[in-house]
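The values are calculated or read from the model by the stated rules, or taken from the named source; none is laboratory data. What you are looking at is a predicted structure, and each value in this text was computed from that prediction instead of being measured. So basically every Cβ, Gly included, is an ideal-geometry build from the backbone, and we count neighbours across all protein chains shown.
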């Protein structure tokens, strides 16, 4: 319904604004771009399909970068493997220069962030991604895999995922968990979200990120 209200031109415009179908430019070899066809090549079903993530090929890094942009207040940043390099004496000899560009307005990013926070709260599809003491903003994914023989979406094979950032209002960590062809349960909120929780709780403790739910900002301690 949202895709229908936006129309194919705006759906495509914002998909490209978030970097889908283009390489991120990360400083690693072998990156692929994925793809999203231009609107003039869409079929009558494409708008509905693309709105739920079909007829599009993306990399986990592209998805993570897009969600990080929401956490950044709407700014899409080129990812780097390291933030800086030091010489043996500890003096900086190189640091990455941010070349961020605006994907969405800060106001839209704030609204989007509030929607994503509800995913991990009571009634959301990923309560198992909730981190003790800090708010999480994120989204589950349960995607059908293309069957190479039939060229159609499989009804038996899936990619399950959860992507998000924490603390939601002042992010320190953005993370995507992807489970390829999970056995038994297939939903991202069941198989990927708990992994997100475990990793981020440990990382927040390591980074000494304060809790948000107690007076005085007691440091987060992973269990």
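Can you tell me how many residues in region 56-105 are farther than 15 Å from residue 22 by Cβ and without any contact (Cβ under 8 Å) to a residue 24 or more places away in the chain?
Here the count works out to 17.
Only one residue in 73, 53, 90, 21 is part of a loop (DSSP other than H, G, I, E, B), surrounded by fewer than 16 Cβ atoms within 10 Å (Cβ to Cβ) and under 17 Å from the mean Cα position of the chain (by Cα), so which one is that?
On the way: 73 fails: surrounded by fewer than 16 Cβ atoms within 10 Å (Cβ to Cβ); 90 fails: under 17 Å from the mean Cα position of the chain (by Cα); 21 fails: surrounded by fewer than 16 Cβ atoms within 10 Å (Cβ to Cβ).
Going through 73, 53, 90, 21 in turn, the sole match is 53.
For residues that are crowded, with 19+ Cβ neighbours inside 10 Å and within 16 Å of residue 64 (Cα to Cα), tally how many sit in region 144-170.
Taking region 144-170 as the starting set, the residues that turn out to be crowded, with 19+ Cβ neighbours inside 10 Å are 158, 160-168.
If we keep only those that are within 16 Å of residue 64 (Cα to Cα) as well, we get 160-168.
Residues meeting the conditions: 9.
So which residues in region 27-50 are assigned to a loop (DSSP other than H, G, I, E, B), within 19 Å of the chain's Cα centre (by Cα) and surrounded by 14 or more Cβ atoms within 10 Å (Cβ to Cβ)?
Keep residues of region 27-50 that are assigned to a loop (DSSP other than H, G, I, E, B), which gives 27-34, 36-38, 42-45.
Those still in the list that are within 19 Å of the chain's Cα centre (by Cα) too: 31-34, 36.
If the condition is that a residue be assigned to a loop (DSSP other than H, G, I, E, B), within 19 Å of the chain's Cα centre (by Cα) and surrounded by 14 or more Cβ atoms within 10 Å (Cβ to Cβ), then 31, 33, 34, 36 are the ones that fit.
For residue 184, only one of the following conditions fails: (1) assigned to a loop (DSSP other than H, G, I, E, B); (2) in contact with a helix residue (DSSP H, G or I) (Cβ under 9 Å, 6 or more places away or on another chain); (3) surrounded by 13 or more Cβ atoms within 10 Å (Cβ to Cβ). What is its number?
With (1) assigned to a loop (DSSP other than H, G, I, E, B); (2) in contact with a helix residue (DSSP H, G or I) (Cβ under 9 Å, 6 or more places away or on another chain); (3) surrounded by 13 or more Cβ atoms within 10 Å (Cβ to Cβ) applied to residue 184, the lone miss is (3).
Which residue, of 189, 141, is touching a strand residue (DSSP E or B) at 6+ places or on another chain (Cβ under 7 Å), closer than 19 Å to residue 52 by Cβ and in a strand (DSSP E or B)? Step through it out loud before you land on a result.
Numbers: 189 fails: in a strand (DSSP E or B).
Every option except 141 fails the conditions.
I'd like the residue in region 115-134 that is surrounded by fewer than 20 Cβ atoms within 10 Å (Cβ to Cβ) and in contact with a strand residue (DSSP E or B) (Cβ under 8 Å, 6 or more places away or on another chain) and, out of all such residues, is modelled with the lowest pLDDT.
Top of the filtered list is 125.
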